[in-house]
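The values are calculated or read from the model by the stated rules, or taken from the named source; none is laboratory data. In this text the structure is predicted, and so the values were computed from the model without any measurement. When we count neighbours, we look across all protein chains shown, and the Cβ atoms used for this are built from the backbone with ideal geometry, even at glycine. Just so you know, the surface numbers come from the protein's heavy atoms only, side chains and all, with ligands and any DNA or RNA stripped out. Shrake-Rupley method; radii C 1.70, N 1.55, O 1.52, S 1.80 Å.
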Amino acid sequence: MTLTLERLECRLGGTPVLEGITGLEAHPGEITALVGPNGAGKSTLLKAIAGLERADGSLMLHGQELMTLSLERRARYLYYLPQELGSRAVLSVFEAVLLARRTCIHEPHERALLKVQETLQALELEPLAERELSQLSGGQRQRVAIAQAVTREPSLLLLDEPTSALDLHHQLQVLDWLTRLAAQRHIVIVIAIHDLSLAARFAQHVWMLKAGRVAASGTPGEVLTHAHLRDVYAIEAHIEWPDDEPPRITPLTAIHSLGR
């Protein structure tokens, strides 16, 4: 079920946005963090994998070449959750998550209700189950969107900054739950994320982009180094990898302009 990217390129309005994205792998049962500064191409890469941006190259998942599939067929394998949420549906939280599940999974109604209930409980959304989506805060709506994504049980889950609107408690809770979900369901999860300390803590693999190209890929310890942070983010940082505590990456100073 490994996701493999080879020779992936994407242009927007004739301008190259992704160039020579190759040799990247995301493995089932793991969180892969997609990191890089603003404008590096993270969102575009997720959209290209999802089929929402036109791209050239190869995307293999479970022996299936995704590039040859229509959007409808590709959606059988994966689900993409964008950073910006635009739903205005007049539904309760429970109804929204149930609808997401029923559009993808055919099963007895009682089983669907149980699975939705389990998902809401895991994301601490049970107290909001009867509340309409329009009544939720941005962070609450983000957690509902994550619940809608995972209840579809995709083989590949693509999340663009899923914790950006969440408070510290729910950032940790959601990422811990996604880590366990990946392991339990043996699915591939790729998360674009800005917080490098969270990437170091929860991801088993990291893809780092710079100006539309792969700057590094590997384990967090291999990618989140002083050299890569200087080259890609133009910062000096204090990096700690204590044995019994979460890793910490603290930016200290900017060393030059990023330019592009």
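The spacing between region 8-85 and region 185-221, judged by their C-alpha centroids, is 14 Å. Rolling a 1.4 Å probe over the heavy atoms of the protein chains gives region 70-111 an accessible area of 68 Å² per residue. Measuring nothing but how far apart in sequence close Cα pairs (under 8 Å, 6+ apart) lie, relative to its length, the chain scores a relative contact order of 26 percent. In terms of overall dimensions, region 88-153 has a Cα radius of gyration and Dmax of 10.8, 32 angstrom. Other residues lying with their Cβ under 12 Å from the Cβ of Pro247 contribute a combined charge of -3, Lys and Arg counting +1, Asp and Glu -1. Only helices enter this figure: runs of n ≥ 4 DSSP H residues, each worth -39500 (n - 2.57), summed and divided by the residues of the chain, yield -9000 deg cm²/dmol at 222 nm to the nearest 500.
Phi-derived couplings, Karplus 6.51 cos²θ - 1.76 cosθ + 1.60 at θ = phi - 60°, listed residue by residue for region 184-200: 5, 9, 6, 10, 9, 10, 10, 10, 7, 8, 8, 6, 6, 5, 5, 4, 5 Hz, with x used for Gly and Pro.
Plainly put, region 108-223 has a radius of gyration that is 1.00 times its Kirkwood radius, both from alpha-carbon atoms, as the Rg/Rh ratio. Taking 1.002 mPa s as the viscosity and 20 °C as the temperature, the Stokes-Einstein diffusion coefficient of region 172-245 based on its alpha-carbon Kirkwood radius rounds to 160 µm²/s. Seen from His205, the other residues with C-beta closer than 9 Å to its C-beta sum to a net charge of -2, counting Lys and Arg as +1 and Asp and Glu as -1. Using θ = phi - 60° in the Karplus curve 6.51 cos²θ - 1.76 cosθ + 1.60, the 3J(HN,Hα) couplings for region 76-83 round to 6, 9, 9, 9, 10, 10, x, 6 Hz; x is entered for Gly and Pro. Partner lysines whose Cα lies under 18 Å from the Cα of Lys210, excluding those fewer than 8 positions away in the same chain, are identified as Lys42, Lys47.
Residue order by solvent-accessible surface for Asp176, Asp244 is Asp244, Asp176, largest first, with ligands and nucleic acids left out and a 1.4 Å probe.
Around the amide H of Val214, modelled in the peptide plane, lie the amide H atoms of Thr22, all under 5 Å away and 5 or more residues distant in sequence or on another chain. Hydrodynamic analysis of the chain uses the Kirkwood radius over alpha carbon pairs. Inserted into Stokes-Einstein at 37 °C and 0.692 mPa s, it gives a translational diffusion coefficient of 172 µm²/s. For Leu34, nonlocal amide neighbours, meaning residues 5 or more places apart or on other chains whose placed amide H falls under 5 Å from its own, are Ile191, Ala192, Ile193, Trp207. The orientation-averaged projected area of the convex hull spanned by the Cα atoms of region 1-110 comes to 9.2 nm².
Remark: region 216-223, residue by residue, has Karplus-estimated 3J(HN,Hα) of 6, 8, x, 6, x, x, 7, 9 Hz, where x stands for each Gly or Pro and the curve is 6.51 cos²θ - 1.76 cosθ + 1.60 at θ = phi - 60°. Mean separation of Cα pairs under 8 Å and 6 or more residues apart, divided by the residue count, gives region 16-99 a relative contact order of 19 percent. Across region 88-153, C-alpha contacts under 8 Å between residues 6 or more apart give a mean separation that, scaled by the residue count, equals a relative contact order of 53 percent. Taking GluC sites (Glu not before Pro) as exposed when DSSP calls them loop and at most 11 other C-beta atoms lie within 10 angstrom, the chain has its longest site-free stretch at 131-260. The modelled label-to-label distance for the pair Thr15/His169, using points 7 Å beyond Cα in the direction of Cβ, is 4.2 nm. Take His226: with every protein chain present and a 1.4 Å probe, its accessible area is about 80 Å².
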